[in-house]
Amino acid sequence: MPATNASVLSVKDLKTVFRMRGGEVHAVNSVSFDLAPGELLGVVGESGSGKSVTMMSLIGLLPSPPAEIRSGRVEFEGRNLLEAEPAEMRRIRGGKIGFVFQDPMTSLNPVFTVGFQLAEPLRRHLGLSRAAAKNRAAELLELVGIPDPRRRLSNFPHQFSGGMRQRVMFAIAIACEPKVLIADEPTTALDVTIQAQILELVRELRKGLGMAIVWITHDLGVIAGISDRVIVMYGGQIVEQGPVAEVFSDPAHPYTQALLETVPAVRGRRSEKLRTIKGQAPVLESSPSSCSFHPRCALAFNRCRGEFPPRILLEGSHDAACFLAAEANIAANA
Ligand code: SF4
């Protein structure tokens, strides 16, 4: 199905497998979603739920082997990115699709100055001269709130604090004013004050540049604060998605409900006991033929163990992949 006019990025039936010595790991299983221009889409789920692998699959950042994209379509500007040649993908990455990862120390090159690393995409993707790239690099540092930007261009990454390095990563990611920015746990390693500053920066950048953002995180509080829509992933699948206010106030999938219950609630002076989800996220050796959550789901019944629950549209653009959610929806509409 082609991307709608309203989508800047459209992912259909994406399947990614890792071929390991002992067998296959089905890391991404039939993932489909659309991203609207200017939208901020949150992606949540435990470690191993397939969030990062999904995003790395669609921008061609997984090493192959062992990764293999078995099927799917990723439409961006009328092109299926899964069919793009490596050189074309390099042009798109960092140019029209930017990305920021969790740890800027492993993403920034320690032996090059920040100015060089900022100017490089400007020269490569936009063809700016050395002098123009340097000027733009200083403007970008200023845009992300780094004081004395022209002097800081000649500094190396280790001369910046953790929060400042993450700001530099955002500056590099937005240097070419991408249409889509993918941010993978960009604030997880930062303390809460710096995290708040980065989130404010993202709000401003999004407003100013109008880019669509995919924000991957474990932190449901961050998603509640900044996202328009949220995708909940489990076992390499989307188990629920919809407008963030709807999904968080009326979660339909037992996994989303359990995730929300793990968020610490502090009432008055007494904090409640921290809840956890018993068991572990699955490592799937084949395409799922049942509900992947059934070993951990308190509401599981026979059908869940033998049949795969499809995503059912509940209301508006809110959907969930659970037999009980589907039954409740039919009952509510009867
Ligand atoms: Fe639980 Fe069954 Fe729903 Fe899966 S389909 S989440 S096991 S009730």
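The values are calculated or read from the model by the stated rules, or taken from the named source; none is laboratory data. As the structure is a prediction and not an experimental result, all values here were calculated from the model. Counting neighbours? That spans all protein chains shown, and the Cβs are built from the backbone with ideal geometry, glycine included. What goes into the accessible areas is simple: the full protein's heavy atoms, side chains included, and nothing from ligands, DNA or RNA. Shrake-Rupley method; radii C 1.70, N 1.55, O 1.52, S 1.80 Å.
A few notes on this one:
- Checking GLY306 against (1) farther than 24 Å from VAL230 by Cα; (2) touching a helix residue (DSSP H, G or I) at 6+ places or on another chain (Cβ under 8 Å), the condition it does not meet: (2)
- Looking only at the stretch 226-245, and only at residues there that are small (Gly, Ala, Ser) and either part of a strand (DSSP E or B) or in contact with a Leu (Cβ under 7 Å, 6 or more places away or on another chain) (or both), the one that is nearest to the ligand (Cβ to nearest atom): GLY235
- Filter result for ALA224 (modelled with pLDDT of 85 or more and surrounded by fewer than 21 Cβ atoms within 10 Å (Cβ to Cβ)): yes
- Residues in the stretch 58-76 that are in contact (Cβ under 8 Å) with a residue 24 or more places away in the chain and open to solvent by 20 Å² or more (accessible area, probe 1.4 Å): 12 in all.
For (1) within 9 Å of the ligand (Cβ to nearest atom); (2) at pLDDT 85 or above; (3) surrounded by 15 or more Cβ atoms within 10 Å (Cβ to Cβ), each residue gets a yes or a no:
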position	(1), (2), (3)
ILE277	no, no, yes
HIS294	yes, yes, yes
CYS297	yes, yes, yes
GLY306	no, yes, no
ARG311	no, yes, yes
SER317	no, yes, no
ALA321	yes, yes, yes
ALA332	no, no, no
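- Flag for THR193 being within 21 Å of MET55 (Cα to Cα) and in a helix (DSSP H, G or I): no
- The residue list ALA138, ALA119, ALA131 contains one member that is in a helix (DSSP H, G or I), open to solvent by 60 Å² or more (accessible area, probe 1.4 Å) and among the hydrophobic types (A, V, I, L, M, F, W, C), which is ALA131.
- PHE112 falls short on exactly one of the conditions (1) in a loop (DSSP other than H, G, I, E, B); (2) under 21 Å from TRP215 (Cα atoms); (3) out of contact with any Asp or Glu (no Cβ under 6 Å at 6 or more places or on another chain), and that condition is (2).
- Any hit, the stretch 252-265, residues being buried (at least 17 other Cβ atoms within 10 Å of the Cβ) and not in a helix (DSSP H, G or I): yes
- Residue identified as β-branched (Val, Ile, Thr) and surrounded by fewer than 15 Cβ atoms within 10 Å (Cβ to Cβ) among VAL192, VAL144, VAL168: VAL192
- If you go through the stretch 15-49 and keep only what is part of a loop (DSSP other than H, G, I, E, B) and open to solvent by 10 Å² or more (accessible area, probe 1.4 Å), you end up with ARG21, GLY22, ALA36, PRO37, GLY38, GLU39, GLU46, SER47, GLY48.
- Listed by first and then second residue, the pairs with beta-carbon distance under 7 Å, at least 6 apart or on different chains, first residue in the stretch 89-106 and under 10 Å from HIS125 (Cβ atoms), second open to solvent by 70 Å² or more (accessible area, probe 1.4 Å), are LYS96/LYS179.
- Of all the criteria given as (1) aliphatic (A, V, I, L, M); (2) in contact with a Gly (Cβ under 6 Å, 6 or more places away or on another chain); (3) surrounded by fewer than 14 Cβ atoms within 10 Å (Cβ to Cβ), the one not satisfied by LEU153 is (3).
- Pair list, Cβ under 8 Å, 6 or more apart: the stretch 297-312 residue free of Cβ contacts under 8 Å to residues at least 40 places away in the same chain, other residue of a type in the set (A, V, I, L, M) and surrounded by 17 or more Cβ atoms within 10 Å (Cβ to Cβ): PRO309/ALA321; PRO309/ALA326; PRO310/ALA321; ILE312/ALA320; ILE312/ALA321; ILE312/ALA325; ILE312/ALA326
- Residue selected from the stretch 65-112 under the condition among the hydroxyl-bearing types (Ser, Thr, Tyr) and at pLDDT below 85, by the criterion farthest from LEU205 (Cα to Cα): THR106
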